[in-house]
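The values are calculated or read from the model by the stated rules, or taken from the named source; none is laboratory data. Treat the numbers as computed from the prediction; the structure is a model and nothing was measured. Heads up, the Cβs are rebuilt from the backbone with ideal geometry, glycines too, and the neighbour counts pull from every protein chain shown. Note: accessible area is taken over every heavy atom of the protein model, side chains too, but ligands, DNA and RNA are not part of it. Shrake-Rupley method; radii C 1.70, N 1.55, O 1.52, S 1.80 Å.
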Amino acid sequence: MIHAALFALALSASGPTGLYFEQTTVVRPAGETGGPGVRSRVWHSGRRLRLEAGDAKGGPALVLRLDEGRAFRLDPEAQVAVEIDAGRLRARSHADASVAATMMGGEDDLRTAPLEGRRTIAGHAARGFRLRGRQASVDVWVAEDLPGGASVFADFLEWSGAAQALGGLLAAIRELPGFPLETRTRVSVLGETQETVSTVTAIRLETQPPELFEVPAGWRQEKENP
């Protein structure tokens, strides 16, 4: 789950000590409507993150304890917490980030320009910017009334090695004036253009219960298989 969502989540933001948001991600050929997409939920508190996918809360989750340098995959049905191998997670994250960075090109290849108009996303007024690279472009719509920049996952990106791979792309995103509520990434390969659209549908600034980031009492704990 983390390597598929890494780039979209890396564009999300935080300044407060507690944050919850829901996001829908759709992957489709450019110009087509696409399906309903994949829904995800993110809880953030300091250096702790919880990610869930799907329509129902309380399903399988990924918990990142960056304060402890550990990560767990939680399976509520089996009541099992699998500790993920940190080295393997870093390798996957770095590989995903490298693909995105290669498509955008080096820092000198990146161009940022404002988009016309204003939009309302998740109840917040947003303005848009386009980051264009060699084979890809990213449209980012940001809300200036929400605190923070692209920093919720900055610690994770540094810990995983992905920040180094993203290079100038991440730096350009961090300079945008607000909280990213929607990102539209277009990648062209061999004449085919594909879009990935991630949209925040709900967002709340609030203190998060500590138990969200803990292995529940009585659960079996295992190490990830090699």
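Straightening the chain between Arg88 and Gln135 buys 14.1 nm, computed as 0.36 nm per residue apart minus the Cα-Cα spacing.
Kirkwood analysis of the Cα pair distances in the stretch 171-215 returns a hydrodynamic radius of 14.3 Å. On the beta carbon distance between Arg174 and Leu115, with R0 = 25 Å, the FRET formula returns roughly 0.85. In this structure the amide hydrogen of Thr193, modeled in the peptide plane, comes within under 5 Å of the amide hydrogens of Ala30, none closer than 5 places in sequence on its chain. Normalised by the number of residues in the stretch 174-226, the mean separation of alpha-carbon contacts (under 8 Å, six or more apart) gives a relative contact order of 23 percent. Of the trypsin sites (Lys or Arg not before Pro) found in the stretch 31-68, those in coil by DSSP whose Cβ has at most 16 other Cβ atoms within 10 Å are Arg47, Lys57. With R₀ set to 25 Å, the beta-carbon distance separating Arg28 from Ala125 gives a calculated FRET efficiency near 0.40. Surface calculation, 1.4 Å probe, protein heavy atoms: Leu212 sits at approximately 40 Å² accessible.
Across the stretch 110-118, rounded Karplus estimates of 3J(HN,Hα) from the backbone phi angles (6.51 cos²θ - 1.76 cosθ + 1.60, θ = phi - 60°) give 7, 10, 10, 9, x, 9, 6, x, 10 Hz, Gly and Pro being marked x.
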